[in-house]
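Accompanying notes for the structure given below.
Every number here is computed from the coordinates shown, using simple stated rules; none is lab data. The structure presented is a predicted model; accordingly, all values stated were derived computationally and were not measured. Quick reminder, even Gly has a Cβ in these numbers, built from the backbone with ideal geometry, and neighbours come from all protein chains shown.
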Amino acid sequence: MKLLADTANSIIEEAKKDDCECCGILLADPLAPSVGRWVYPAPNRATRRKQSRFVLDPATHLRVVELEAEGRVVVVGYYHSHPTSPAEPSPDDIDRALSGVTYLIAGLEGRTWTLRAWRKVGEEFVEEPIELEMGEWHRPLQKSWAAGRRCAGSAMRENSYPVPPTRPRW
């Protein structure tokens, strides 16, 4: 999987912000569909065990599907964090994953955050190498929404996510 280095860093930074699992969608430009360029964070809608489980917000997912249908983005995969464990698929991740889809997991290994890519093939998860690329990363248009409380004890905060432009800017 190809990924802009700044995009990988933004996933790690998001994972560090909270003791609950973060989640979102990895997007590419339709003109370069093989390179993960943007992250589209989503609220974690898990009703219990948010420190070890995530449920991607359906409204966020629908918005990304609409952007993809408009030809503004390509969905490259999905990401989430493991704030208390390594960047390896949990049994819950394996049970809920779709075959052929790439999942990025940001995990805490010792005191170091790592980012690893996984793809479900049949009944197994296979690790994919991540090829980091340098490139222009930008946060095009901003749209904000109130995420509300993510975990017990965390502060109410507003998240923002990029909405790629209708046309690339040259």
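Some points to look at:
- 5 angstrom amide H check on Trp118, placed H, neighbours 5+ away: Tyr103, Leu104, Ile105, Glu128
- Table column - 3J(HN,Hα) (Hz), the stretch 11-22, Karplus curve with 6.51, -1.76, 1.60, x for Gly and Pro: 5, 4, 4, 5, 4, 6, 6, 9, 8, 9, 5, 8
- Qualifying trypsin sites (Lys or Arg not before Pro) in the stretch 1-60, DSSP loop, other Cβ atoms within 10 Å at most 13: Arg48, Arg49
- Database remark: amide H of Ala32 closer than 5 angstrom to no amide H (H placed geometrically; neighbours at sequence offset of 5 or more, or on other chains; Pro and chain starts carry no H).
- Taking amide hydrogens as placed 1.01 Å from N in the peptide plane, the amide H of Val76 sits under 5 Å from those of Leu26, Leu27, Ala28, each at least 5 positions away in sequence or on another chain.
- Ignoring aspartates and glutamates fewer than eight residues from Lys120 along the same chain, the ones with Cα atoms less than 15 angstrom from its Cα are Glu88, Asp92, Asp93, Asp95, Glu128.
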